[in-house]
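Asker: There's a structure below that I have some questions on.
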Amino acid sequence: MSTFVKNIIRFILFILVQVFVLDKIHLHQMITPYLYFLFILWLPFNMSRTWQLAIAFLYGFTLDSFRHNPGFHAAACVLIAYIRPFLVNLLIPQEGADGNYEEPSLKSMGGALPYFIYLAVLTIIHHGWLFVLEAWQFGNFWYFLVKTLLSAAVSLLLIIITELLFARKQKFRTNTV
Amino acid sequence: MRNIFLFIRRYFTLLFFLLLQGFCIYLIVHYNSYHNAVFSVTANQLTGKVNEQYNKVENYFNLKKTNDSLWQANEKLYNKLKEDFQLPDTASKAMIDTVKVDSLTQYRKYTYLHAEVIENSVNTQSNFIVLNRGSLGNIKKGMGIVDINNAVVGSVADVSNDYAVVMSLLHKDSKMDGMLLRGNGETGTAIWDGITPNILSITHIPKSAKVAKGDTIISSGNSTSIPRGKLLGFVTDVLLEKSSNNYLIKFRSAANFYNLQYVYAIDNSEQEAIKQLLEKAKQQNK
């Protein structure tokens with residue numbers, strides 16, 4: 001399956017899962033688990049940064065349309081899409097590894113630790129920005145702070161479960177033909 | 001000039017990022033109260049379609065047929081209620097020089113329109129409900145929405161052709177006129193603090209009012225959207241507002257926002273006339 005088709009399917013699936021499964025779960029009023037932004041974390045390495053931003057915006061905006069609150073998730077998605085390349089450069093072990101693999105995963109990031117850091121940092125940034133926007137718009141600072149921390153923990157747990165359930169096979173591609 | 005272009009080319013990603021963030025923040029600030037956005041209508045149509053498909057599956061579990069018949073029957077009954085008809089003073093009766101088919105219809109003030117909830121949320125700060133009936137089904141902006149048991153749910157914020165978006169009581173901008181059923185009928189404003197779904201508060205009730213736990217709060221009919229006497233909720237807690245001479249009363253909403261399936265939109269035939277009159281008064285006092 002080509003990368004393009006694969007990502008379109010992911011786009012639709014993640015949105016549907018977020019809107020019709022995770023948003024319907026009333027675990028506790030403080031916890032809203034988010035999984036949808038994993039789509040952005042899984043975007044291919046070789047995509048241009050402008051495209052990443054544009055796709056992240058479109059993606060966040062789609063989710064916002066379902067929640068009737070335009071802007072919040074689009075802003076958070078655009079932010080993580082912007083930070084992602086810097087983080088990949090920092091964490092990837094050897095020069096050129098991002099050319100050898102298609103997208104971020106356990107294998108391509110060189111082990112569980114860098115990949116987990118990658119996931120955790122972006123999750124916290126995503127939730128944090130969402131928190132800043134909500135707290136600024138709705139007031140009630142402490143409520144949103146606790147909510148963000150709890151939600152981030154549950155989201156990370158969900159992401160790890162997803163990674164374990166849907167192991168992505170990454171082919172090693174060499175540049176030396 | 002050339003330097004500007006070089007600068008833009010060099011920092012294009014950053015500028016693009018800032019532009020998108022700026023646009024998002026613009027959206028947050030401007031569309032929070034859900035005014036008619038340029039694309040909100042199209043977005044409603046699209047997300048409405050998807051939600052409708054999902055709801056079809058969900059409905060299966062709710063014994064669709066039984067519910068449907070009950071729902072239709074209820075609509076008929078509600079439309080026969082005495083309070084839907086405004087009986088004017090016989091001395092000042094307006095004469096209409098066409099043949100009356102039904103002697104009652106000219107006095108009808110409220111009409112109930114049935115609608116199905118296809119999307120509903122309780123876990124955000126601004127919760128909206130989407131109905132599968134829009135402007136083609138006579139739903140208008142500002143109409144009040146009640147659930148099957150005549151408990152207030154919210155008011156219509158936005159309509160597209162086939163769908164309507166309702167600002168539920170569980171919305172930080174929602175302000176619903178309410179009053180105490182017992183006592184002298186002190187009126188206040190029902191608001192939601194955004195924390196626990198189903199727990200709302202009513203402000204502006206003076207301390208002279210007699211209120212106890214378990215008292216009923218009903219709609220006051222001071223707005224054009226909801227007629228007087230619709231259930232809002234039951235008092236759970238009475239607190240004193242320190243800075244003013246008012247109570248802050250917490251109440252449990254009568255409508256269960258966790259499982260809304262069918263609702264009625266209330267069409268007030270006088271809404272337009274009242275709105276025009278108010279506009280006129282505002283302009284005269286300028």
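The values are calculated or read from the model by the stated rules, or taken from the named source; none is laboratory data. For clarity, every value in this text was computed on a predicted model and none was experimentally measured. Note that each Cβ is placed from the backbone with ideal geometry, even for glycine, and that neighbours are counted across all protein chains shown.
Every residue, every condition in (1) modelled with pLDDT of 75 or more; (2) in contact with an Asp or Glu (Cβ under 8 Å, 6 or more places away or on another chain); (3) among the small types (Gly, Ala, Ser); (4) farther than 25 Å from A:Ile31 by Cα, yes or no:
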residue	(1), (2), (3), (4)
A:Pro93	no, no, no, yes
A:Gly111	yes, no, yes, yes
A:Ile117	yes, no, no, no
A:Ala120	yes, no, yes, no
A:Ile124	yes, no, no, no
A:Phe141	yes, no, no, no
A:Val154	yes, no, no, no
A:Ile160	yes, no, no, no
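Asker: Still on this structure, please answer the following. With the condition kept exactly as written, say whether any residue in segment A:43-56 is more than 14 Å from B:Ser121 (Cβ to Cβ), buried (at least 18 other Cβ atoms within 10 Å of the Cβ) and more than 12 Å from every other protein chain (Cβ to nearest Cβ).
Answerer: Going through segment A:43-56, the residues more than 14 Å from B:Ser121 (Cβ to Cβ) turn out to be A:43-56.
When the remaining residues are screened for being buried (at least 18 other Cβ atoms within 10 Å of the Cβ), the result is A:43, A:52-53, A:55-56.
Retained after the next criterion (residues that are more than 12 Å from every other protein chain (Cβ to nearest Cβ)): A:43.
Yes; the residues of segment A:43-56 include at least one that is more than 14 Å from B:Ser121 (Cβ to Cβ), buried (at least 18 other Cβ atoms within 10 Å of the Cβ) and more than 12 Å from every other protein chain (Cβ to nearest Cβ).
Asker: Only one residue in A:His73, A:His68 is free of Cβ contacts under 8 Å to residues at least 12 places away in the same chain and either more than 11 Å from chain B (Cβ to nearest Cβ) or touching an Asp or Glu at 6+ places or on another chain (Cβ under 9 Å) (or both), so which one is that?
Answerer: Being free of Cβ contacts under 8 Å to residues at least 12 places away in the same chain and either more than 11 Å from chain B (Cβ to nearest Cβ) or touching an Asp or Glu at 6+ places or on another chain (Cβ under 9 Å) (or both) holds for just one of A:His73, A:His68, which is A:His68.
Asker: Here's a follow-up. Would you check if A:Leu157 is within 14 Å of chain B (Cβ to nearest Cβ) and assigned to a helix (DSSP H, G or I)?
Answerer: Answer is no for this residue.
Asker: Filter segment B:149-172 down to residues that are away from chain A (no Cβ under 14 Å) and farther than 22 Å from B:Ser223 by Cβ, then give me how many there are.
Answerer: Residues that pass the stated criteria total 2.
Asker: How about segment B:98-153: which strands (runs of 3 or more DSSP E) wholly inside it have at least 3 residues that are at pLDDT below 90 and β-branched (Val, Ile, Thr)? Break it down stepwise before answering.
Answerer: Details: elements: B:110-120, B:126-131, B:144-147.
In segment B:98-153, the matching strands (runs of 3 or more DSSP E) lie at B:110-120.
Asker: Condition first: surrounded by fewer than 19 Cβ atoms within 10 Å (Cβ to Cβ) and not in a strand (DSSP E or B). Now tell me which residues in segment B:179-197 satisfy that.
Answerer: Within segment B:179-197, B:Leu181, B:Arg182, B:Gly183, B:Asn184, B:Gly185, B:Asp193, B:Ile195, B:Thr196 qualify.
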